[in-house]
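Notes follow the structure.
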Amino acid sequence: MTKTVHHWIGGKTVEGTSGNWGPVTDPATGAVTTRVALASAEEVDAAVAAAKAAFATWGTSSLAQRTGVLFAYRALLDAHRDEIAGLITAEHGKVHSDALGEVARGLEIVELACGITVQLKGELSTQVSSRVDVAAIRQPLGVVAGITPFNFPAMVPMWMFPLAIACGNTFVLKPSEKDPSAANLLAELAAEAGLPDGVLNVVHGDKVAVDALLEHPDVAAVSFVGSTPIARHIHATASANGKRVQALGGAKNHMLVLPDADLDAAADAAVSAAYGSAGERCMAISAVVAVGAIGDELVGKIRERAEKIKIGPGTDPDSEMGPLITAAHRDKVASYVTGAAAQGAEVVLDGTGLTVDGYENGHWIGLSLLDKVSPDSDAYRDEIFGPVLCVLRADTYEDGVRLINDSPFGNGTAIFTRDGGAARRFQLEVQAGMVGVNVPIPVPVGYHSFGGWKDSLFGDHHIYGNDGVHFYTRGKVVTTRWPDPSEAPAGVDLGFPRNH
């Protein structure tokens, strides 16, 4: 029997009324297992209205009340890790260990939100002039919205709403319609933790729901993670409607491998960073730049490791990589591999013909490795978002850095070397928002901020960390002058001696 996913508005499940439904498939089998309600603009209005009503009290609630709810929420999330991960595997397809890792990374931001009392401390300068003090404080924005992608259906929402509500805002989440169930469970657990009705709402939908949020006069800010074309649209549309926007876009993350690098460590890193989560992550390494004469040896080591990766359903504990999210996406990813040779690449591994016994209708693709890729080729220029690794050759360090900096994307990058001086130059010279030194996927811990440069970010603030707190609050400066109590009006005795 097909499951139905409805909206979560005002602290309860609200059935979809638009009459529009989206299919949710099990990527391992290709079978439609769920239908999800796709909201109309009127249903988005209802979610925003619930959030606006809740803000009247939540926005002025005590920090102790907010953190009390968040501590309870953290405990419930921890207790339900396996259940959340199971929903992720069922609808996204990633293996259970990857899904558990996703939940753990989301929990980091909940833990940051639990410490919001420190993050929201203001500043005070006394006696800037005679009996004049100046204080800087931060206050919530109101109703804020999050639009999140399919590849991390629990983690990316948790990068947004825990911090937003800790700062005193109320939240409307529009998760991906491809894997919606995890978002509802996150909201249900928040209600169980004591979050007041309407503080967190989940509305499912497609472009209709997204545009309704972007244009809604009661939404003060929008957070987004997804592809660059959509991020650009989100930023332009929401900004034109007077909203604060952080829109994180796509990526083409490079790993520069210098001749002195530990090639075994570099190959291990390349395989895990390129093919983990089936390459469906914006921080995946999709381009390795081999400097000097090490290219052939490095490619050989990557191939040797890639050929051992076990691909299968995410429910199989022996599986190391699962299927892709949809058959259409699988076919698009495969097209980059089948067209690579005609554009000058050497196809070292071709994963396009993979099938998995017993799961023949799943959205399967194997690991592909393309060597000697041209910077002009489609496989290099586009964000493939699948298990395809391109290897490019560079004669010198300078050539490699130039190649990276010429990319329109600037999300994450990494260098593998034993030389501290080279690593120091790289982290200063490379044009990317997150840099790893012998670390292939430099996603910051929760108390630092995540975000790229160039076409990987539209807006001024990175997500979570200090930038996240600043994004979900606005500053106010208060200048105060009080007369001395000895100057009280005649007839008012405060017990202070009179000045003569």
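Would you check if there is a residue in region 110-119 being open to solvent by less than 50 Å² (accessible area, probe 1.4 Å) and not aliphatic (A, V, I, L, M)?
Yes; the residues of region 110-119 include at least one that is open to solvent by less than 50 Å² (accessible area, probe 1.4 Å) and not aliphatic (A, V, I, L, M).
For ASP78, work out the one condition from (1) loosely packed, with under 15 Cβ neighbours inside 10 Å; (2) more than 22 Å from the chain's Cα centre (by Cα) it doesn't fulfil.
(2)
Return a yes/no flag: does region 238-249 have any residue that is in a loop (DSSP other than H, G, I, E, B), surrounded by 24 or more Cβ atoms within 10 Å (Cβ to Cβ), in contact (Cβ under 8 Å) with a residue 24 or more places away in the chain and at negative phi.
Of region 238-249, the ones in a loop (DSSP other than H, G, I, E, B) are 241-243, 249.
Restricting the remaining residues to those that are surrounded by 24 or more Cβ atoms within 10 Å (Cβ to Cβ) gives 249.
Filter once more, so that each one left must be in contact (Cβ under 8 Å) with a residue 24 or more places away in the chain: 249.
Cutting the leftovers down to at negative phi gives us 249.
Yes, because at least one residue in region 238-249 is in a loop (DSSP other than H, G, I, E, B), surrounded by 24 or more Cβ atoms within 10 Å (Cβ to Cβ), in contact (Cβ under 8 Å) with a residue 24 or more places away in the chain and at negative phi.
Among (1) modelled with pLDDT under 95; (2) open to solvent by less than 50 Å² (accessible area, probe 1.4 Å), there is one condition ALA54 misses while meeting the rest; what is its number?
Looking at each condition in turn, ALA54 falls short on (1).
Restricting attention to region 432-451, and to residues there that are under 13 Å from the mean Cα position of the chain (by Cα) and more than 14 Å from ILE285 (Cα to Cα), which single residue is surrounded by the fewest Cβ atoms within 10 Å (Cβ to Cβ)?
VAL445
Out of GLY30, GLY10, GLY19, which single residue is surrounded by fewer than 23 Cβ atoms within 10 Å (Cβ to Cβ), modelled with pLDDT of 95 or more and under 26 Å from GLU192 (Cβ atoms)?
The conditions single out GLY10.
If I ask for residues that are on the phi < 0 side of the Ramachandran plot and of a type in the set (Gly, Ala, Ser), which ones from region 75-105 would you list?
Scanning region 75-105 gives ALA75, ALA79, ALA85, GLY86, ALA90, SER97, ALA99, GLY101, ALA104.
How many of the residues in region 123-166 are among the hydroxyl-bearing types (Ser, Thr, Tyr) and part of a strand (DSSP E or B)?
Summing the residues that are among the hydroxyl-bearing types (Ser, Thr, Tyr) and part of a strand (DSSP E or B) in region 123-166 gives 3.
Which one of the conditions (1) in contact (Cβ under 8 Å) with a residue 40 or more places away in the chain; (2) closer than 20 Å to PHE55 by Cα; (3) buried (at least 24 other Cβ atoms within 10 Å of the Cβ) does LEU173 fail to meet, given that it meets all the rest?
Here LEU173 meets the rest and fails (1).
Of all residues in region 400-431 being within 22 Å of the chain's Cα centre (by Cα) and outside any loop (DSSP other than H, G, I, E, B), which is farthest from HIS470 (Cα to Cα)?
ALA414
For region 250-265, what are the residues that are part of a helix (DSSP H, G or I) and open to solvent by 30 Å² or more (accessible area, probe 1.4 Å)? Don't jump to the end; show me each part of the working.
Restricting attention to region 250-265, the residues satisfying the condition of being part of a helix (DSSP H, G or I) are 263-265.
Those that are part of a helix (DSSP H, G or I) and open to solvent by 30 Å² or more (accessible area, probe 1.4 Å): ASP264, ALA265.
Quickly run through region 452-493 and pick out the residues that are assigned to a strand (DSSP E or B), aromatic (Phe, Trp, Tyr) and open to solvent by less than 40 Å² (accessible area, probe 1.4 Å).
PHE458
Could you check GLY386 against (1) modelled with pLDDT of 95 or more; (2) surrounded by fewer than 19 Cβ atoms within 10 Å (Cβ to Cβ) and say which number it fails?
With respect to (1) modelled with pLDDT of 95 or more; (2) surrounded by fewer than 19 Cβ atoms within 10 Å (Cβ to Cβ), GLY386 is out only on (2).
With the checklist (1) of a type outside the set (D, E, K, R); (2) assigned to a helix (DSSP H, G or I); (3) in contact with a strand residue (DSSP E or B) (Cβ under 6 Å, 6 or more places away or on another chain) in hand, flag the one item ALA287 doesn't pass.
(2)
Kindly indicate whether any position in region 324-342 is touching a residue at least 60 places away in the same chain (Cβ under 8 Å), more than 27 Å from the chain's Cα centre (by Cα) and open to solvent by 50 Å² or more (accessible area, probe 1.4 Å).
Taking every residue of region 324-342 in turn, none turns out to be touching a residue at least 60 places away in the same chain (Cβ under 8 Å), more than 27 Å from the chain's Cα centre (by Cα) and open to solvent by 50 Å² or more (accessible area, probe 1.4 Å).
Give me a count of the residues in region 266-290 that are open to solvent by less than 10 Å² (accessible area, probe 1.4 Å) and of a type in the set (D, E, K, R).
The qualifying residues number 1.
The values are calculated or read from the model by the stated rules, or taken from the named source; none is laboratory data. Worth saying up front: this structure is predicted, and the values here are computed from it rather than measured. Positions of Cβ are backbone-derived with ideal geometry, glycine not excepted, and every protein chain shown enters the neighbour counts. Ligands, DNA and RNA are excluded from the accessible area calculation, which covers all protein heavy atoms including side chains. Shrake-Rupley method; radii C 1.70, N 1.55, O 1.52, S 1.80 Å.
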